[in-house]
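The values are calculated or read from the model by the stated rules, or taken from the named source; none is laboratory data. Just so it is clear, the model here is predicted, and its values are computed rather than measured. These area figures cover heavy atoms from the full protein model, side chains too; ligands, DNA and RNA do not enter into them. Shrake-Rupley method; radii C 1.70, N 1.55, O 1.52, S 1.80 Å.
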Amino acid sequence: MTTLPPSLSPSRSQTTCASLLQELQIIWDEIGESDGERDKMLLELEQECLNIYRRKVEMTRKCKADLQNSLAQFESEIAKIVSSLGEHSFSFSRGKGTLKQQISYIRPVLDELRSKKKQRVKEFTETQSQIVKICAEIAGNGQSMMSSDPQVDERDLTVKKLGELKSHLQELQNEKIIRLQKVDSHISMIHELSVVMSFDFLKTVSGIHSSLIDPANGQSKSISNDTLAKLTGVVNSLQQEKQKRLQKLQCLGSTLIELWDLLDTPPDERKRFEHVSSLISSSVDEVLRQGSLGLDIIEQVELQVQSLNVLKASKMKELVLKRQNELEEIYRGVHIDVNSDAARQILINLIESDNVDLSNLLSSMDDQIAKAKQEALSRKDILDKVDKWKHASEEEKWLDDYEK
């Protein structure tokens, strides 16, 4: 049983009350208070004392109930935290002693568990935030999915659950790395194609996504499905355009060489378009020189081909007649009779009629010249023998004349 402090012990309390009562009696005597009034006042004093005791008892009971309730809440919170953290090996007993002693024992345990839970929640929040961020980047939602912190289910804060989240985060981080590599590879390819075909690299890439050129506010390059699809489409389109331009330049280059050979173009003039003629036998992957497939280059070659075609048309008559002279010289060299005037008139009529492809005509004459050269070669032995016979005959005639 709790003992009263010495100042409130029964003997001292009674002495004090008696002293005060005696003093009150003296005052009443001086006042002349009646006995009835005095009894009434004493009864009131006694009632007031009882009320004070009752209030004190109620307050003390409430304090005890509050302490018991706090103790129960502490134990319940400890049980919930232990369960959420998965600390199955954790054991706890409130101990013995007064309620205040039990609370003073349990409070440090609870504070430690709260701190551990707070740290665990922080780990969950950070891990889930990174997961949400990467998922948003892959989905292409930007900052919309990262406006608020993710909600952590505090009912399951176990190490196992945290490990699963971190494993998922690692998978997403690996996926992000792969996507960034693809993005960088596509950007590099677009840059390489822009150098070869002389188009605006920055405009092309920024048109796909602004972050690919100038990431702002800490935002990394876009790795969304949409961005990757657009990059892939642009790369494929540019590769097809590169193939198309190369084929066009190769065709123009072949035409240039034919015209050069046809018109006997000097080497200095050919050297101006050496970069074009060198592409004729190149594959699309081998063409890497800066500006080699630019539209300006193609336009220059087209203008040169047009110019040479005009020159070809003006010189074609001269070239045809030159081929005819060459053919006649070969025939005369092997003593084959040809009607030169008739042949020349036929050629002139064909040229002036515009009903014949002069390139084909030249090609046909080149074939005739080649055949004539072969025929001349086949007659060479006979002609040599004839020449020797003629020379011998002339010598014999000269000797006969000399003897005479």
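Between E154 and any residue 5 or more places off or on another chain, the built amide H atoms are never under 5 Å apart. The residues of region 22-122 expose, per residue, 77 Å² of accessible area to a 1.4 Å probe. Under a cut-off of 22 Å between alpha-carbon atoms, report the lysines in cross-link reach of K248, not counting same-chain residues fewer than 8 places apart. List returned: K271, K312.
Computed with a 1.4 Å probe on the full set of protein chains, the accessible area for K317 sits at about 80 Å². Stokes-Einstein diffusion for region 52-130, with the hydrodynamic radius set to the Kirkwood value over Cα pairs and evaluated at 10 °C in a medium of 1.306 mPa s, equals 108 µm²/s.
List the lysines whose alpha-carbon lies under 22 Å from that of K56, not counting same-chain residues fewer than 8 positions away? Answer for K56, where 22 Å is the Cα cut-off: K64, K100, listed by chain and number.
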